[in-house]
Amino acid sequence: MNRRGVAVAVVGAGAVLAVALGLGAVTGAAVHRADSPSMAPAIEVGDVVVSAGLNGVPERGDVVVFSDPGGWGPRVARLLGRDRVSETFVKRVVGLAGERVACCTAAGALTVDGAPLPEPYRVPNDGLASVLAFDEIVPDGEVFVLGDARSASIDSRYLGSVPLESVTGVVQFVVPLGG
């Protein structure tokens, strides 16, 4: 790409970001910057995520934004060898209250209530749905969340389900400014 092409791309990205921020200010949507590779390829480090407030219960497959439900931040920082991490997390809902979420089948798939869960959003060639075996029943009023890039995600497999009161929104769109 030549200099003019780069300049147009930068101005275009800036305009999209300005619109996202303006939309957030008008509609009450929240704007976050991705600082983890856990949701790649859907959300890359540096991308801007715009979420709208939660209306009821998120659905399976929704990408949600949630605040630290109590202790995730320090535990994630310790697991990653960092001093601290963001107190806002972005993950995909795979299990709803009362459902049994388990991994893995002989084929390496995640199951919900015993049925394999199709996961077209997962990182291709990321191997099994999880290297950590688990079998959890999601408590009432909570959701089970996972990152799409399982090998780069610390999520409900390690830290438990997320209370709905910690979920602040559902991702509406992503401004691709990262990777």
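Read-outs throughout are calculated quantities, based only on the coordinates presented, and are distinct from any laboratory measurement. Note that the coordinates shown come from a computational prediction; the quantities given were computed from them, not determined experimentally. Heads up, the Cβs are rebuilt from the backbone with ideal geometry, glycines too, and the neighbour counts pull from every protein chain shown.
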Per residue of the stretch 50-61, what does 6.51 cos²θ - 1.76 cosθ + 1.60 with θ = phi - 60° give for ³J(HN,Hα)? Whole Hz please, x for Gly and Pro, Karplus curve as stated.
10, 10, 10, x, 7, 10, x, 9, x, 9, 4, x
Apply the Karplus parameterisation 6.51 cos²θ - 1.76 cosθ + 1.60, with θ equal to phi minus 60°, to every residue of the stretch 36-46 and state each ³J(HN,Hα) to the nearest whole Hz, in sequence, with x for glycine and proline.
9, x, 5, 10, 5, x, 4, 10, 9, 4, x
What order do you get for 133-143, 154-164 when each peptide is scored by the mean count of other beta carbon atoms within 10 Å, highest first?
154-164, 133-143
Of the peptides 34-46, 67-79, how do they stack up when ordered by the mean number of other Cβ atoms within 10 Å, highest first?
34-46, 67-79
Quick one: which residues, 5 or more positions from Gly95 or on another chain, have an amide H under 5 Å from its amide H? H modelled 1.01 Å from N in the peptide plane, none for Pro or chain starts.
Phe144
Summed over the other residues with a beta carbon less than 11 angstrom from that of Val138, with K and R at +1 and D and E at -1, the charge totals -3
